[in-house]
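Sending over a structure as structure tokens; questions will come in a sec.
The values are calculated or read from the model by the stated rules, or taken from the named source; none is laboratory data. Small disclaimer: the values here were computed from a predicted structure and weren't measured. Methodologically, a virtual Cβ is constructed for each residue, glycine included, from the backbone with ideal geometry; neighbour enumeration extends over all protein chains shown. We work out accessible area using only protein heavy atoms, side chains counted, and drop any ligands, DNA or RNA first. Shrake-Rupley method; radii C 1.70, N 1.55, O 1.52, S 1.80 Å.
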Amino acid sequence: MRCEPDVYVVGRAIHVPGCPPSMFRGDLSDQPACAPEDAHAVLGRKGLRNRDRASRLALCAVTQAVTEAEERRGMPVSSSAAVVVGCSFGNVDTVVGVAEDIMESGDRHLSPLAAANLSSNNVSAAVSIWFRVTGPSLTLCSGDRPSDDALAAAVRILRSGRCRDVIVVGVEVASGPSCEAYLDDDMNRRLQTQASAVILSRDLGALAGPDTGAVAGGPAAPGDAGDRPAPGASAVLALVGSSGVGQRITSTQHRDWEAR
């Protein structure tokens, strides 16, 4: 019988624009939860000019998760780490905007800098490039629950031995023409723009065991009480909200992610 290696949570973060730091428990975040347009408050200005909104949100969350992982575990995230992103809409607004510009005025005035944001793998590529990690890089836009698929894929990658660490991100930008076109008004009102990130690893490093700094139930953005996590971020948000650093991923959790 094959013995599969254990997988642990070694870093986590939630970034919901509009939520003050006091809405986070423990040391998940000491940065202001800025909007994508203000991501330089967390990331600095260099390298952000041509990043789309989903990539900026993802980078904000991953920066905080990586910082926690490296501080608590006492070692850097592996340079061969994988990146797996789950999102429903991703960069679709960017693609739609460029397509509309081409239809209206042709491609002569299209900026070459826009091309990098047209890839369906745009968000995970942005994270890989930003953190200079060279492992597998995947963005899953698989319908209603892509973040479940992202977590399942991350566990499979780790148990296959392809890398020591995996950066998992659930991100959604719940605004723009694409959301308005494909979702009814009620759903639009209930979606949140948010990003959640978790670092999964086969190596606990200096961590002795789980802490008690989990976010109970995850934060809720100010506003309508009917707000709920966007589909692309829901499973990662739930894991961050229920897990302490050093906690082991159970076989039941993995089966649930695989089944959805």
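Solvent-accessible area of Trp257, probe 1.4 Å, all protein chains present, reported in Å² to the nearest ten, please.
Roughly 20 Å² of Trp257 is accessible to a 1.4 Å probe.
Rolling a 1.4 Å sphere over the protein heavy atoms, what is the accessible area per residue of segment 25-159, to the nearest Å²?
Per residue, segment 25-159 has an accessible area of 48 Å².
Grab the beta carbon distance between Thr134 and Ser105, set R0 = 25 Å, and tell me the FRET efficiency rounded to 0.05.
Result of the calculation: an efficiency of 0.05.
Which FRET efficiency value, to the nearest 0.05, do you get for Glu258 and Lys46 by plugging their Cβ-Cβ distance into 1/(1 + (r/R0)^6) with R0 = 41 Å?
0.55
Let me make sure I get this right: for segment 65-169, a, b and c are the square roots of the gyration tensor eigenvalues over alpha carbons, sorted descending. Under 1.5 in a/c it's rounded, otherwise prolate if a/b > b/c, else oblate. Which is it?
Verdict is prolate for segment 65-169.
Write down the radius of gyration of segment 26-107 and its Dmax, each obtained from C-alpha positions, in Å.
So, for segment 26-107, Rg and Dmax equal 16.2, 54 Å respectively.
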